[in-house]
Amino acid sequence: MPFQIKPTKFPLFSPVLQVFLLMDTLFRLVSNLQPSDQSYNSSTSSKNSVDLQNHCFLNPPPPEQCFTSSFMVDQPHFSASSSSNHRPDKDHVHQDHEYISTINSTDRWFAPLDVNLEFSNGWASTLIVQTAIAIVDNNASQIQQLMWMLNELGSPYGDIDQKLAFYFLRAMFSHVTNSGERCYQTLAMVSEKRSCFASMRRMVLKFQEVSPWMTFGHVASNGVIMEAFEGEKKLHIIDISNSFCTQWPTFLEALASRSDETPHLRLTTLVVARSDKKMMREISRRMEKFARLMGVPFKFKAIYYSGDISQLNFTELGVNDDEALAINCVGAFRSVTPVDNRRDFLISLFGALRPRIITVVEEQADLDSDGVDFVKDVQECLRWFRVYFDSLDGSFPSTSDEKLMLERAAGRAIVDLLARAPAECVERRETAARWARRLHEGGFKPVSFSEDVNDDVRALLRKYKDGWTVLDDGEGADAGIFLAWKGQAVVWAAAWTPEPLDGEKSRQSSCSH
């Protein structure tokens, strides 16, 4: 039965005092952050209503900071006991946070909040959307009530609704306080300092083991690149991806098994400047060792760039005329800023290189917004990340450090999407149809996946749990093929080749005669 939230004796501070308290605790928290050396596997305990002291990420803050710090940073470790799929108990909603005791009580209480929550399914979406509406309406008292409820009910260790409540609360709080940039940079800094090559490699490999989310694009791209390179002796792949080169060992194996002479492969991977150079050296060493084992002549080079990929000087990549060139883009487009037509400019840069083929793998979501309609942005984020979290729950065991790392990354993406300026965002996903239009307008034409490649993709999905399917292009825009979780498209893969130039058209026409 739906549960009617009862009025709570939660003091209503003046708007000025609310902003002062929230901003003060936020800035003290962020300025004092230090990375934690605690293990992911340390044991913690939690209750159905979240124990906020256990949410304080690093050095436990003073009591008055618990409300803000509980969702301004990620949790340091995973708790098997707290990850059980329990539901918040409607009769067990605490209202005795220690930080309240630091404020003199007043005689003003909240009026009843008319919210019906079905705790069996989707209650977080109701609260989150109503919070977004209150933010747009500038309703300070309702914002405070709803955020307090999300803070009470949310947890990064609970079920999907609890996780959504936890991560969206942090993003919307950052939006309200104009602290999205600081929050995002803090989360990114902590993540980078706590990660190492071993943990990142373990996370990526585990993700690929239990879910086709990444391997779907790898198999589709490798297949179409191999077909485009048929008969070529010198190959060059420019790799713009976020999968730490895990795509390429199977490609090297396929090259080694070709019936003709094994071609020479040059792999140039583009890496953001802040990436760990030691990690990339280790990847290079492993790739070169594997290529020697496969008997494939191979050269690896990492090129570091600042800003987004559209600001890179592509003429410095050393593309040779005697090489067959492929550009592989996996999760690369969404990091390009959507302002000033930079995404269209990136397509023109690709066209100038005249590649044999471009492969594109991206996530299927409409998250490229100018921020005008905040409620709509929140709703699309909710739809997308609910499906994503559900796919993680359906793929990983209930207690998994790797799943927690992926969920934390999703939490940072939610902050990026809802609380940062569009020019600074790195998570602005667009649908396959919109990218197809860009590529068409940039002088490219689609390349269909062959039946062999489609068979390889379908065979891949049979290795995973039920729920994953492949959908053909349903958008009518040559958008490629789609990976779907429970019928909802989540990742798309497509291949494109440049339209012939005028001189090339003339040569082709004369050859045909």
Counting every C-alpha pair in the range 323-453, the percent lying more than 18 Å apart is 61 percent
So what J values fall out for the range 283-290 if you push phi through Karplus, 6.51 cos²θ - 1.76 cosθ + 1.60 with θ = phi - 60°, rounded to Hz, Gly and Pro as x? 4, 4, 4, 5, 5, 5, 5, 5
For the range 208-344, the per residue accessible area (1.4 Å probe, Å²) is 43 Å²
Pop out the ³J(HN,Hα) list for the range 393-403 in order, Karplus 6.51 cos²θ - 1.76 cosθ + 1.60 with θ = phi - 60°, rounded to Hz; leave Gly and Pro as x. 4, x, 10, 8, x, 5, 10, 8, 5, 5, 5
Residue 330's amide H: which non-local residues (gap 5+, or another chain) put their own amide H closer than 5 Å, with H modeled 1.01 Å from N in plane and none for Pro or chain starts? 240, 241, 242, 361
Please report the Cα spread of the range 144-185 along all three principal axes, rounded to whole Å, starting with the longest. 28, 23, 10
Which of the peptides 336-342, 143-149 is most tightly packed, and how do the rest follow, judged by the mean count of other Cβ atoms within 10 Å per residue? 143-149, 336-342
Just add up the charged neighbours of residue 279: K/R +1, D/E -1, any other residue whose Cβ is under 12 Å from the Cβ of residue 279. +4
Extension length gain for residue 471 and residue 421 (0.36 nm per residue less Cα distance), in nm, is 14.6 nm
Using DSSP to define loop residues, name the trypsin sites (Lys or Arg not before Pro) in the range 238-289 whose beta-carbon has at most 11 other beta-carbon atoms within 10 Å. 274
Please compute, for the alpha-carbon atoms of the range 217-362, the extent along each of the three principal axes and give them in descending order in Å. 47, 32, 26
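What's the ranking of 128-136, 153-161 by average number of surrounding C-beta atoms within 10 Å, highest first?
On the way: 128-136: 20.3, 153-161: 23.7.
Listed from highest to lowest mean packing, they are 153-161, 128-136.
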Under 5 Å between amide hydrogens, which residues at least 5 positions from residue 444 or on another chain qualify, with H placed 1.01 Å from N in the peptide plane? 499
Quick one: 3J(HN,Hα) in Hz for the range 411-417, Karplus 6.51/-1.76/1.60 with θ = phi - 60°, rounded, Gly and Pro as x. x, 5, 5, 5, 4, 4, 6
Net charge around residue 343, counting only other residues with Cβ within less than 10 Å of its Cβ (Lys, Arg = +1; Asp, Glu = -1)? 0
Rolling a 1.4 angstrom probe over the protein heavy atoms, how many square angstrom per residue are accessible across the range 396-443? 30 Å²
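The values are calculated or read from the model by the stated rules, or taken from the named source; none is laboratory data. From a predicted model like this one, the values you see are computed outputs, not experimental measurements. Here Cβ is always computed from backbone atoms with ideal geometry, including for glycine, and neighbour counts include all displayed protein chains. Side chains are part of the model used for accessible areas, which takes the heavy atoms of the whole protein and leaves out ligands, DNA and RNA. Shrake-Rupley method; radii C 1.70, N 1.55, O 1.52, S 1.80 Å.
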